[in-house]
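Here's the structure, in structure tokens; my notes come after.
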């Protein structure tokens, strides 16, 4: 694949978010290209999740712009951004605990009905909606838990449920916030396969990741954030060799990085 | 006999109030301690139209439902800015303001209230006694139907997402403000109808009928029976409305009973006596399963949960719905 010729679907321009005196995100400009898996990495407090919250509308930028498929989305409410086709997961999982796993996914399938009055008339447990929900549960491997109350699932399955719900939005762009956190080695591998599969279906993926090996193996391109600014950008191999990145992660003794 | 009919009529009206509060608090998770305000707005709308404009009961009833629904949407607006504990305080404030308006604005009859309301008529026949009870029960059945219908719609699912996690709801494309307003409007409209029935049943209304203590009473009925279910608020209203009428001891301490019920339920059975995971409801289901021949019964519990509610342990979140404090930090640390 040749990312250079691919279309840009999301673009941030000098995006900033300050919390009091702290510049959590400081003039960050980058592009997400159609069909790629782009990784956003960086040490703790680098501003990764803040970037996610800015894109998905949970935070308003202090300055700068975000364009999705050519239209400005900064200033839109999160629900409007979700309906445009940007699905997101939460690092701290937020299941609808009292609903079943299937209903959690159905909640996302209603996205284009919620602004209409049909939402007040139409029942949600319709055969076609249930079928679509079950197909999504199959994709993420949660079929056998469809009727279980979401609040009873362990963390590994909840992370998959987060992805399933986001897929119910039929997203063009999927934002994954540390989906590998807290997973076993086996689960991380399954997650990698799932993410690749989604990309192959045409969904563009932007992920925040702490798990270095996972991010390096999965992403086409990586952006490294440090103290709210972009430190480096490029393919995983180049990032791994980049002395600035090694320093940011490990301090001055870069030797450890060769392990 | 007349006394029993009268008590049953009041119980039916309060069952509607409990069910309507259940839509706001049980479905959408918005804890309100000002529900009597909507009850009062419906009663005053209907009474004023009847006394000052000479409307008959039926159009006045419809107007009460519509006006209260609109007031619900408007009074719901401030709630968009506050969550949890602060919402409780805001709704309490609304209740006090509404009662003060009834009491101190002459147009609303002041402390002397509004008197001289006629009983409804149908085909020249005046509804009193059993006839009025039938009307109240018919409205209760309509409210039950609305409650059940709403729960099964996409809006009902959206209410549940707002109740469970507002951020995740937004991420699913649910406009949290829009659905909070919907919940306030539907809840208020149903309570407004109850107010209209109440006004025409009594023939006269006074501001104190809709005071804050009544809001506590309605909430205690919902919580006692089982928040979020259909059976709970109805059973809660009938038990807590009828008990004080027949037990002298309890009757003198009616509001102590309501407050006490709230505290005890929160401590020992937050899902209510007939909630999906309550001790009593599980026993009843077990009895039913033994008595009924053939395969396992379909869960008769909330349609939102397709799982057999008897099987899984009560998640902590169920109690969190009525305990506003518990949710605050959950959503704040994101």
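The values are calculated or read from the model by the stated rules, or taken from the named source; none is laboratory data. Given the structure is predicted, the values throughout are model-derived calculations rather than measurements. Cβ: placed from backbone, ideal geometry, glycine included. Neighbour counts: every protein chain shown.
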**Request:** Would you mind telling me which numbered condition in (1) more than 15 Å from the chain's Cα centre (by Cα); (2) at the interface with chain A (Cβ under 9 Å from one of its Cβ atoms); (3) at pLDDT below 95; (4) crowded, with 24+ Cβ neighbours inside 10 Å residue B:177 fails?
**Result:** (4)
**Message:** Take the conditions surrounded by 16 or more Cβ atoms within 10 Å (Cβ to Cβ), over 15 Å from residue B:23 (Cβ atoms), in contact with a helix residue (DSSP H, G or I) (Cβ under 8 Å, 6 or more places away or on another chain) and at pLDDT 90 or above and apply them to residue B:101. Does it pass?
**Reply:** yes
**Item:** Filter result (surrounded by fewer than 24 Cβ atoms within 10 Å (Cβ to Cβ), more than 30 Å from residue A:47 (Cα to Cα) and more than 8 Å from chain B (Cβ to nearest Cβ)) within segment A:85-134
**Value:** A:116, A:117, A:126, A:127, A:128, A:129, A:130, A:131, A:132, A:134
**Message:** So, in segment B:268-282, how many residues would count as being farther than 15 Å from residue B:222 by Cα and buried (at least 23 other Cβ atoms within 10 Å of the Cβ)?
**Reply:** 1
**Prompt:** Would segment B:211-226 turn up any residue that is within 14 Å of chain A (Cβ to nearest Cβ) and surrounded by 24 or more Cβ atoms within 10 Å (Cβ to Cβ)?
**Reply:** yes
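Matching residues to (1) away from every other protein chain (no Cβ under 14 Å); (2) surrounded by fewer than 17 Cβ atoms within 10 Å (Cβ to Cβ):
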position	(1), (2)
A:158	no, no
A:162	no, no
A:182	yes, yes
A:191	yes, no
A:215	yes, no
A:222	yes, no
**Asked** Does segment B:74-93 include one or more residues that are part of a helix (DSSP H, G or I) and on the phi > 0 side of the Ramachandran plot?
**Response** yes
**Message:** closer than 30 Å to residue A:87 by Cα and in contact (Cβ under 8 Å) with a residue 40 or more places away in the chain: which single residue out of B:184, B:206, B:224, B:201 fits that description?
**Reply:** B:184
